[in-house]
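Here the structure comes first, spelled out in structure tokens, and everything after it is commentary.
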Amino acid sequence: MVTPQMAEPLETDYLVIGSGIAGLNFALLAAEHGRVVVVTKKAPDDTNTNWAQGGVAAVLAPADSFEQHIQDTLVAGDGLCDRDVVELCVDAGPAQVQRLLDLGVRLARAPDGSLDLGREGAHTHNRVVHWQDVTGREIQRALLAAVKSQPNITILDEHIAVDLLSMAKYGGDPACFGAYVLDRRTGEVKTLLARATVLASGGTGKVYVYTSNPDVATGDGVAMAYRLGAAVCDLEFVQFHPTVLFHPHARNFLLTEAMRGEGGVLRLATGETFMERYHPMKSLASRDIVARAIDNELKKSGADSVFLDMTHLDPAFVRGRFPNIHERCLGLGIDITKQPIPVVPAAHYMCGGVKTDHDGATTIAGLYAIGECAFTGLHGANRLASNSLLEGMVYSSRAAAAVASAPRRRPSVVAPWSYGDATDSNDAIVVTLNWDEIRRFMWSYLGIVRSDKRIERARRRIEILRDEIREYYIDFKITSDLIELRNLALVAHLIIESARRRKESRGLHATLDYPDKLPEARHTEIQLTNGPRG
Ligand SMILES: Cc1cc2nc3c(=O)[nH]c(=O)nc-3n(C[C@H](O)[C@H](O)[C@H](O)COP(=O)(O)OP(=O)(O)OC[C@H]3O[C@@H](n4cnc5c(N)ncnc54)[C@H](O)[C@@H]3O)c2cc1C
């Protein structure tokens, strides 16, 4: 057996943490000027990207305009978008769609051969390119195929990043030079060194008990960056998707916004529509408005779910446009062409993240963040649907160009991971229980509608749990579950702390105690001030 302490560090040019759209597109472009190692904690296609249904927003229709897409994004962002970033992403849209096509991504075509453009909530034009209702799966497939034929890229699957390496620990300026990574198959913690370390670790949905996200979305990138001393921003803005399938045998199954875009209508169990009471755009209002409306209706009636009704649409169209959803629901006994679909809201997307500049550089030298784990300024207080895959493409391209000039930094001798006196845990139930507890109280207290009292309750609980987890982390050998729990607890703490600081209701942050918006829109930036903490 390898003695882990003796293992030599592995050195590469670029270390990427995550194999979704952001990580893989970065890897492909960076591989043109250096060696890339992509670590990914489960299978390479176990990503949020793989689950994306709707598609990628871009201005392609003759009747559409860049200004209109910019305006739609700014309106959704409720005063907190960075207009320069919005312009940068929207302007890059058509070129990024072309890149996807060049990479072999199949996109649906209209009868005249042009790209078929779907419509989604809060977009004023049809501008979402898609592949049936499994756009993300198609993008993931094509990117992985391209990566596999690029000899400069190595993918290490079943490898979970534990913590980032900091020069500060060696007496230097705070700069990142790689990461400790746990090989889940062997239990060995490897030391990976790189000129640039790129977080592409996706979202934080698993902080909540109800989520559309797959299990990998535990906010590891945000937690690792924060521990290293990087600034994180606007983590109170959690987007809840209004329509996740409500069924005892379906976990995390999302019903894309495109279903409402194509004419789907929300109804109560009585068959009555209700969205007209909340917004003139009715079922096509932005996600936060629809999610809050459903939350309110469920609280009022005590019902388990509301319903998304597609039964008035042509069944052949519904089957052709949403084949995956049709089949999945049919497997659960729901024919969506004949029966309304029971739906509830669930945590879906993290608008905040690790603060970056226009090239994806964080506030720590050598560390980049791209995709959902990053805060670029695009989404503001609320993401416009289908802007996130676009952002992932745009920022991975920009970061890949920027890292070409990254200097190599590393101490002459790098300390290997210290296993200390940690033993195997015989009390793994603690991990499971803490996971469960965090996810439940975050749903109840930091969910769709918040209040000072709820936030304070959550704050007290998370502090106790974090102490318990810290002790456990020191005493026992690390496992993937423990790493994720530690990160999940830290991200929960950061969401609570960010929400506590926002004394207004804006975008996705709705609080009973401050129902109005403050005159000035401000970001919530948080940073560890006392240096890196392991
Ligand atoms: C159901 C669903 C539908 C969606 N539909 C759309 C849509 O239609 N349009 C749109 O624009 N957006 C959509 N989104 C959002 C979009 O899919 C995501 O924001 C985007 O895919 C994120 O890409 P990413 O590359 O940043 O991260 P991901 O694709 O989530 O990839 C993250 C990667 O990081 C890895 N990872 C995480 N932590 C670690 C660690 N510690 N060590 C090693 N690896 C790690 C994960 O295993 C994974 O490989 C949807 C999301 C969901 C869940």
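The values are calculated or read from the model by the stated rules, or taken from the named source; none is laboratory data. Everything numeric in this text was worked out from a predicted model, so none of it was measured. All Cβ positions, glycine included, derive from the backbone under ideal geometry; neighbour counts span all protein chains shown. What goes into the accessible areas is simple: the full protein's heavy atoms, side chains included, and nothing from ligands, DNA or RNA. Shrake-Rupley method; radii C 1.70, N 1.55, O 1.52, S 1.80 Å.
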By residue number, the members of the stretch 131-153 that are under 26 Å from Tyr14 (Cβ atoms), within 11 Å of the ligand (Cβ to nearest atom) and among the β-branched types (Val, Ile, Thr) are Ile139
Thr204 modelled with pLDDT of 95 or more, buried (at least 22 other Cβ atoms within 10 Å of the Cβ), under 10 Å from the mean Cα position of the chain (by Cα) and of a type in the set (Ser, Thr, Tyr): yes
Here is a check on your reading of the model: is Arg292 open to solvent by 50 Å² or more (accessible area, probe 1.4 Å) and either at pLDDT below 95 or acidic (Asp, Glu) (or both)? yes
When restricted to Gly55, Gly79, Gly113, the only residue free of Cβ contacts under 8 Å to residues at least 24 places away in the same chain and at positive phi is Gly113
Say whether the condition of being away from the ligand (no atom under 16 Å from the Cβ) and free of Cβ contacts under 8 Å to residues at least 60 places away in the same chain is met by at least one residue in the stretch 157-171. yes
Only one of these conditions is not met by Ala402: (1) touching a Cys at 6+ places or on another chain (Cβ under 9 Å); (2) farther than 30 Å from Ile469 by Cβ; (3) modelled with pLDDT of 95 or more. Which number is it? (1)
If you go through the stretch 149-167 one residue at a time, do you hit one that is farther than 19 Å from Val37 by Cα and open to solvent by 10 Å² or more (accessible area, probe 1.4 Å)? yes
Could you tell me which numbered condition Val403 fails, if it satisfies all but one of (1) in a helix (DSSP H, G or I); (2) of a type outside the set (Gly, Ala, Ser); (3) more than 16 Å from the ligand (Cβ to nearest atom); (4) out of contact with any strand residue (DSSP E or B) (no Cβ under 6 Å at 6 or more places or on another chain)? (4)
Restrict the check to the stretch 347-357 and report whether at least one residue is modelled with pLDDT under 95 and surrounded by 24 or more Cβ atoms within 10 Å (Cβ to Cβ). no
Options Ala61, Ala57: the member that is among the aliphatic types (A, V, I, L, M) and either surrounded by 17 or more Cβ atoms within 10 Å (Cβ to Cβ) or within 16 Å of the ligand (Cβ to nearest atom) (or both): Ala57
For the stretch 29-43, which residues satisfy the criterion of being closer than 20 Å to Ala400 by Cβ and surrounded by 22 or more Cβ atoms within 10 Å (Cβ to Cβ)? Ala30, Val36, Val37, Val38, Val39, Thr40
